[in-house]
1. When the Cα atoms of the range 2-46 are enclosed in a convex hull and the volume is divided per residue, what value in Å³ results?
2. Among T7, F26, S42, flag the residue with its Cα farthest along the positive direction of the charge dipole of the range 2-46, charges on Cβ as +1 for Lys/Arg and -1 for Asp/Glu.
Amino acid sequence: MIKKLTTFLDYSLFAELALVMFAVIFIAVVIRTLVTRRETTSQQARIVLGDQPEKHV
């Protein structure tokens, strides 16, 4: 029964959906990276190197 069910499935739809999801997420990450201010990026880069806890405003 499972073999009959799997013969009717078309996996090309899943490949196309995966490609579309990848493209959308990739574009979202690129836009987010380009929109982020340089001060925020510098502050986030220093978090690992800072010995003192961050002061949240």
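1. Values: hull volume 3.7 nm³, N = 45.
Cα-based convex hull of the range 2-46, divided per residue, equals 81 Å³.
2. Projecting each Cα onto the dipole axis, the largest value belongs to S42.
Where a number appears in this text, it was derived from the coordinates with a stated rule and is not lab data. Just so you know, these numbers come straight off a predicted model, no measurement behind them. Cβ coordinates were reconstructed from backbone atoms using ideal geometry, including for glycine residues, and neighbour counts include every protein chain displayed.
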